[in-house]
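Asks: So that we are looking at the same thing, I have put the structure below in structure tokens.
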Amino acid sequence: MAYELEKRLVIGVASSGLFDLAEADAVFREQGEEAYRAYQEAHLDDTLGTGVAFPFIRRLLSLNDLSPDDPLVEVIVLSRNDPDTGLRVMRSIQAHGLPITRAIFMQGRSPYHFMPALNMSLFLSANETDVREAVALGLPAGRVLGPAAADKSDDQDLRIAFDFDGVLADDASEQVYQADGIEGFRSHETMNAATPHAPGPLRDFLANVNRLQQREEEQRAKDPDYKLRVHVSLVTARNAPAHERAVRSLKGWGVTVNDAFFLGGIDKSTIMGVLKPHIFFDDQVSHLAGTSRSSPSVHVPFGKMNEPEDSTSADAPR
């Protein structure tokens with residue numbers, strides 16, 4: 001019987017999102033592909049260190065204990081490595097005890113084209129070119145930023161934080177802000193408070209996370225001692241009166257968050273230091289410059305603010 005993906009939360013992750021590949025990438029960039037292949041072969045049994053997305057992926061997969069015979073979450077490696085150099089990635093996955101068994105290795109080519117075929121709600125990578133191209137095609141993708149955070153094994157919670165405009169919602173209101181300033185933005189949002197935004201690139205991912213939360217609620221109904229693990233926060237530069245349209249949009253889309261932070265320009269990194277999310281999604285690199293120092297952060301390069309981009313990363317195997 002075929003393994004169906006339609007009813008699962010499916011995440012694609014590049015090896016650069018899951019592991020620390022700085023040393024191997026340096027070999028590729030400085031010495032070329034053949035030296036990189038030789039390096040990976042020589043270090044085949046050296047387990048890769050954890051990367052930015054590792055704590056998020058590990059906790060997400062742990063939720064499969066809610067349905068051991070029919071997993072709720074599937075994580076698939078999407079990599080620019082070829083199958084030979086990808087062996088080290090798969091051995092490292094096994095060494096870290098991650099239940100990831102499926103992978104696509106593309107030998108230097110972009111793997112994100114397979115996202116729709118695999119029913120993926122999200123693709124995470126450190127390769128800026130791949131992420132930008134995926135988002136330009138309307139696919140939900142983000143570039144991991146910053147150093148890997150310590151993954152505390154005694155903390156079983158999964159804390160996910162989202163910006164609103166350009167992430168959960170489209171960037172139409174952000175464009176109003178850029179054109180008309182803060183007062184024009186507030187006036188526009190007040191007039192349109194009852195009109196939900198058009199969805200952004202990660203709205204459907206949040207909807208799938210909400211389905212996991214519903215399964216947790218069902219488990220708690222059967223077992224009152226069950227402790228809810230998934231917590232979702234909205235962390236946005238909006239404040240009153242523009243907050244109302246964001247809340248109404250979430251309700252109109254049929255999605256929910258547990259907590260909301262309407263910061264009105266307060267530095268988001270101060271909140272992240274307390275909230276300690278395992279992943280935070282934002283569409284503006286300027287916001288992530290601070291958050292990525294303490295929290296696993298993901299840039300979603302969606303919308304007009306992300307449109308011209310003069311430089312992109314080299315296409316190293318990932």
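The values are calculated or read from the model by the stated rules, or taken from the named source; none is laboratory data. Everything numeric here is computed off the predicted structure, so don't read it as measured data. Glycine gets a Cβ as well: all are built from the backbone with ideal geometry, and neighbour counts include every protein chain shown. The area values use the complete protein model at the heavy-atom level, side chains included, leaving out ligands, DNA and RNA. Shrake-Rupley method; radii C 1.70, N 1.55, O 1.52, S 1.80 Å.
Asks: Per residue, how large is the accessible surface of region 34-79? Use a 1.4 angstrom probe and give square angstrom.
Replies: Each residue of region 34-79 exposes 37 Å² on average to a 1.4 Å probe.
Asks: Calculated from DSSP H runs of 4 or more alone, at -39500 (n - 2.57) each and per residue, what is the 222 nm mean residue ellipticity of the chain, nearest 500?
Replies: Helix-only estimate at 222 nm: -11000 deg cm²/dmol.
Asks: Which loop GluC sites (Glu not before Pro) in region 6-51, with loop taken from DSSP, have no more than 15 other Cβ atoms within 10 angstrom of their Cβ?
Replies: Passing both the DSSP loop test and the Cβ count: E6.
Asks: Taking a point 7 angstrom from the Cα of Y3 along the C-beta vector, which residues in region 56-81 have backbone N less than 11 Å away?
Replies: Hits in region 56-81 for Y3 at 11 Å: 71, 74-77.
Asks: Compute the distance from the alpha-carbon center of region 125-142 to that of region 53-120, in whole Å.
Replies: Spelled out, the Cα-based centre of one part sits 17 Å from the other.
Asks: May I ask you to list the lysines whose Cα is less than 28 Å away from that of K251, ignoring any residue fewer than eight positions away on the same chain?
Replies: Candidates past the 8-residue exclusion: K7, K222, K227, K268, K276, K304.
Asks: Determine the per residue accessible area of region 216-294 with all protein chains present and a 1.4 angstrom probe, expressed in square angstrom.
Replies: 49 Å²
Asks: DSSP beta bridges in the chain, what fraction antiparallel, as a percent rounded to 5?
Replies: Counting DSSP beta bridges with both partners in the chain, the antiparallel share is about 15 percent.
Asks: Across the chain, where is the longest run that never hits chymotrypsin sites (Phe, Trp or Tyr not before Pro) in a DSSP loop with at most 16 other C-beta atoms within 10 Å?
Replies: 4-225
Asks: Identify the trypsin sites (Lys or Arg not before Pro) of region 203-258 meeting these criteria: DSSP loop state and at most 10 other C-beta atoms within 10 Å of the C-beta.
Replies: For trypsin sites (Lys or Arg not before Pro) across region 203-258 that sit outside H, G, I, E and B with at most 10 neighbouring Cβ atoms in 10 Å, the list reads K227.
Asks: While we're on this one: How much length would be gained if the chain were fully extended between A95 and E30, taking 0.36 nm per residue of separation minus their Cα-Cα distance, in nm to one decimal?
Replies: The A95-E30 span can extend by a further 20.6 nm.
Asks: So, in nm, how far is label K304 from label R215 when the simple model puts each one 7 Å beyond its Cα toward the Cβ?
Replies: Going by the 7 Å Cα→Cβ label model, 4.0 nm.
Asks: Related question: Report in % the part of the accessible area of region 116-175 that belongs to carbon and sulfur, leaving out ligands and nucleic acids; probe 1.4 Å.
Replies: Ligands and nucleic acids excluded, carbon and sulfur give 51 percent.
Asks: Roughly to the nearest percent, how much of the accessible area of region 19-114 is carbon and sulfur, given a 1.4 Å probe?
Replies: For region 19-114, the apolar C and S fraction of the accessible surface comes to 47 percent.
Asks: Continuing with the same structure: Based on the Cβ-Cβ distance of T190 and R102, what FRET efficiency does E = 1/(1 + (r/R0)^6) give at R0 = 41 Å, to the nearest 0.05?
Replies: E(calc), rounded to 0.05, equals 0.30.
Asks: Same structure again: Rounded to the nearest 20 Debye, what is the dipole magnitude of the chain about its Cα centre when Lys and Arg each give +1 and Asp and Glu each give -1 at the C-beta?
Replies: I would put it at about 700 debye.
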